[in-house]
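Take a look at the structure below.
The values are calculated or read from the model by the stated rules, or taken from the named source; none is laboratory data. Not measured: the values here are computed from a predicted model. Note: ideal-geometry Cβ built from the backbone for every residue, glycine included; neighbour counts use all protein chains shown. To get the accessible areas, we keep the full protein, side chains included, count just its heavy atoms, and leave off ligands, DNA and RNA. Shrake-Rupley method; radii C 1.70, N 1.55, O 1.52, S 1.80 Å.
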Amino acid sequence: MGYIHQRKGRSGYYGQRKVPPALRERIGTSCWMRKLGASLVEARRNLPQFLAETDLLIAEARRELDPVRKIRSLLPDSLNQGGAFDVVEEYTRVPAHIEVGPGEWTENPEFIKLMELVQARRDGSDKQPRSKDELLQLAASLKQPARATADLWNRHLSALMESCGKESITDITEDDVLNFRAQQLEHITINSLKTKLRYIRALLEIAKDQRWIDSNPADGATKHMVSKVKIKEVVRLDQADSHWQELPEPQHLLWHLCRWTGAHISEVAGLKGDDIDLKEGVINIRPNECRDLKNPYRQRLVPIHSKLLPYLKQSKADIDTKDGLVFPWAYNAERGRWCEGISWKRKLGVTPKATRDWAASCLRDQGVNEFVIGRLFGHSPKTITGQYGSVSQQALAEALELLS
């Protein structure tokens, strides 16, 4: 029999007591497993650094090591041995001078840049290289974007980095962004380019706030870019209301939901059966495993319009038999997108977005408060006062009934 100290109690430490060998062995095993678990957690935490160091050693063994990576991999002791010239000369194969003619030599610009890098690392002004994926992961964790938004971030930032041939966002310069802008202007419209540059600027602003970079190289990229302003005209739904039966039958309910809620087609198409509550008279637009929402304000209860109610009652029995999505056929799982390829223009003369535009125009004509319209549509409040208070379901229902 062995002895073991018990834990400290409220009245102080308990005395020693005898412990059977089997229990002592179990206690020892448990402690060992806890230590192993802690070691595994630490190993996982350091895994990226270990992988980076391994890649560095492999590249060095193959003599493929980038001089910049080599300098950045040096420990402080190595960096501080002698002058910057001596460090670059010792740890890289870059010549200090290059021959420009017979017997004529000049300083190597690459060698000078490496010396500047050594000095920057010494005084702490050098920024650690950050990859595109690191920035995208950080942005996703901070903003919790919808999948479509995250895809756009990746696409636009990748296009910029491919254009300038940079692997690290910390190496992107203002010239890189301006050159990218010039290239893109040859292929896309100014409006599309401004949208793309805004996505890029927003991502790089996160890197700036994180102090990965000192300034945002995309600041001012959209300055002086003048696009043609297209004044929106009121698009009526008279033709669509008289021809909706010409749509494929699975799209009939989809049309009525868009028509009488003012919701975006992806919000409607991503509804589940239990999101439609006929007893309470509301449609619960909320995120699910297949469909995110654009922002937190998009999660809302939309009152069921009196003209929509008959179609929902008619389809409710069929909806209740479905497991999950009301419109599973509208979801492209590979691309994570909704209603791709759906076009109502030829048969109805309008796009799906026209139902949302008409709802806004109609309610404004009826004098409905803009905050009420924004609440119905799931818009984020734009003004300071818009952050205060809310709108009752009764007010929303009364406003939506004005929709004609």
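Here are some notes:
- Alpha-carbon centroid distance for the pair region 325-367 / region 271-296, whole angstrom: 16
- Residues in region 256-269 carry Karplus couplings, in order, of 5, 5, 5, 5, 10, 10, x, 7, 5, 4, 5, 5, 5, 5 Hz; the curve used is 6.51 cos²θ - 1.76 cosθ + 1.60 with θ = phi - 60°, and Gly or Pro positions show x.
- Ranking of Ser78, Ser141 by solvent-accessible surface, largest first: Ser141, Ser78 (1.4 Å probe, protein heavy atoms only, all chains present).
- If R0 is 41 Å, the Cβ-Cβ spacing of Thr189 and Asp86 corresponds to a FRET efficiency of close to 0.15.
- Surface composition of region 60-154: carbon plus sulfur atoms hold 47% of the accessible area, using a 1.4 angstrom probe and ignoring ligands, DNA and RNA.
- Filtered trypsin sites (Lys or Arg not before Pro), region 310-381: DSSP coil and at most 13 other beta carbons within 10 Å: Lys322, Arg335
- Förster-model FRET efficiency, 45 Å R0, Lys143 and Asn108, C-beta, rounded to 0.05: 0.55
- When Trp329, Trp358 are compared by accessible area of protein heavy atoms, the largest-first order is Trp329, Trp358, using a 1.4 Å probe.
- Gyration tensor (alpha-carbon) shape descriptor, region 106-185, a/c threshold 1.5: oblate
- Region 248-338 - percent of accessible surface contributed by carbon and sulfur, probe 1.4 Å: 49
- Arg155 accessible area, 1.4 Å probe, all protein chains in place, Å² to nearest 10: 140
- The slack in the chain from Glu205 to His97, taken as 0.36 nm per residue of separation less the alpha-carbon distance, amounts to 35.0 nm.
- Spacing of the two label points (7 Å from each Cα toward its C-beta) at Ser343 and Gln314, in nm: 2.7
- Accessible area, probe 1.4 Å, largest first, for residues Glu205, Glu99: Glu99, Glu205
- Approximate shape of region 162-212 as ellipsoid semi-axes (Cα gyration tensor, √5λ), whole Å, largest first: 21, 14, 7
- Per-residue HN-Hα couplings for region 160-177 [Karplus 6.51, -1.76, 1.60; θ = phi - 60°; Hz; x = Gly/Pro]: 5, 6, 5, 5, 8, x, 9, 9, 10, 5, 6, 9, 6, 10, 4, 4, 4, 5
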